[in-house]
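The values are calculated or read from the model by the stated rules, or taken from the named source; none is laboratory data. Note that this is a predicted model, so its numbers are computed, not measured. Cβ: placed from backbone, ideal geometry, glycine included. Neighbour counts: every protein chain shown. Quick note on the areas: whole protein, heavy atoms, side chains included, nothing else; ligands and nucleic acids left out. Shrake-Rupley method; radii C 1.70, N 1.55, O 1.52, S 1.80 Å.
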Amino acid sequence: MSNAVIFGVEILAPNPSRRIDQSLAIFHLTTDAPDLLNLLRAVAGRRNSPIPQPDIGNALPAWAALDARGKAFTVAFLSSTDNGFLPLPDAASIASWSNTDQWLWHLASRTARADFPPDPDHADKLLAGTVVLSADWRGLVTRDGAAFVGLRPDQGTDDPFFGFAHLYAHTAYLDALIIGTVQNATITRMMDEASRAFDAKDLPRHLSALEERTARFRNIYWLRDASAHGPANDILTAYQNQHHLPEKFDAVLNEIADLNRIVQNQESQRVNAALGIITVIGLPFGTSFAVLQTLSANSPRDLLIGALAALAGSGALLLTSFGRLLIRTLQRLD
């Protein structure tokens, strides 16, 4: 049974003026080192985890609740008072990985070898998110989690560095990962909205709202630097690369540009069709009243005859193939 203890809870609403229900809950837990990997596996919902999934929802205030569709991103910090880490009992058998690499990958991915045995020929790609923090510790960012592991013995409360390292992991480095999480969630929603554009009843209005959200996101959240602290920026970059966020955001911008061209083309066709119909309707009236003016016929009876003749002429022109084409164009665009 795990001795996991929740010692802090934060709730972050990235955009409280719009969707308060789309918030992030950050839980700070501590446990004994032997239980850390199993605790992460339990949080991730892995099968055959010896530790039951912790009920972190009970730590939330009464007005908040976890979304059943939500997915946990875990961040682990591990140091040891011994001189180096012993190999994990169920570690991946990768000859090129050191014990530190094994701990980093298993903690960051929240997996044991039984959950996901890496292919030895391509295992080094799994360490692509490694962040070199200093000679004292390393970090690894994967798709579903991050881990920080000490490289030298931790002297406990008298250690001149690891106390600050633990603080960095819970503050600046966690903030970088939270920024990446907000970016990922927002870009995913924008991609969904762009894909549903042609199902919208009013495409121009839908596109305008999407453009506004994209501009607001780029102005506020699309950061490539999390802080003036170099490692935090490297952690954010590693998260963005793991989730292909630059490519996804470029795809959203390209989709918006394509939708803009479609909307502009539709507006141009609508204007041209409207001008064509105005011309078809207005030409008989102009011709009729010009004839009446030439004949100096300005009595009410003459004006009525001229208007009726113009209406007949407009109706006849609208029944031609050109007139029907203009009407179909307007109907299709509406």
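Tabulated data for the structure shown
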quantity	calculated
Within the stretch 177-216, considering residues that are among the basic types (Lys, Arg) and assigned to a helix (DSSP H, G or I), the one nearest to Arg261 (Cα to Cα)	Arg205
Any hit, the stretch 113-136, residues being over 30 Å from the mean Cα position of the chain (by Cα), over 28 Å from Ser23 (Cβ atoms) and open to solvent by less than 50 Å² (accessible area, probe 1.4 Å)	yes
Residues that are closer than 17 Å to Val132 by Cα and hydroxyl-bearing (Ser, Thr, Tyr), drawn from the stretch 164-201	Tyr168, Tyr173
Pro160 of a type outside the set (Gly, Ala, Ser), under 26 Å from Gly45 (Cα atoms) and surrounded by fewer than 16 Cβ atoms within 10 Å (Cβ to Cβ)	no
Some residue of the stretch 2-14 being surrounded by fewer than 13 Cβ atoms within 10 Å (Cβ to Cβ), at pLDDT below 80 and polar (S, T, N, Q)	yes
Cβ-Cβ under 6 Å pairs, at least 6 apart or on other chains, the stretch 47-68 side surrounded by 11 or more Cβ atoms within 10 Å (Cβ to Cβ), far side in a loop (DSSP other than H, G, I, E, B)	Ile51/Ser2; Pro54/Ala4; Gly57/Leu66
Only one of Ala194, Ala165, Ala172 that is in contact (Cβ under 8 Å) with a residue 60 or more places away in the chain, surrounded by 19 or more Cβ atoms within 10 Å (Cβ to Cβ) and either under 24 Å from Arg138 (Cα atoms) or aromatic (Phe, Trp, Tyr) (or both)	Ala165
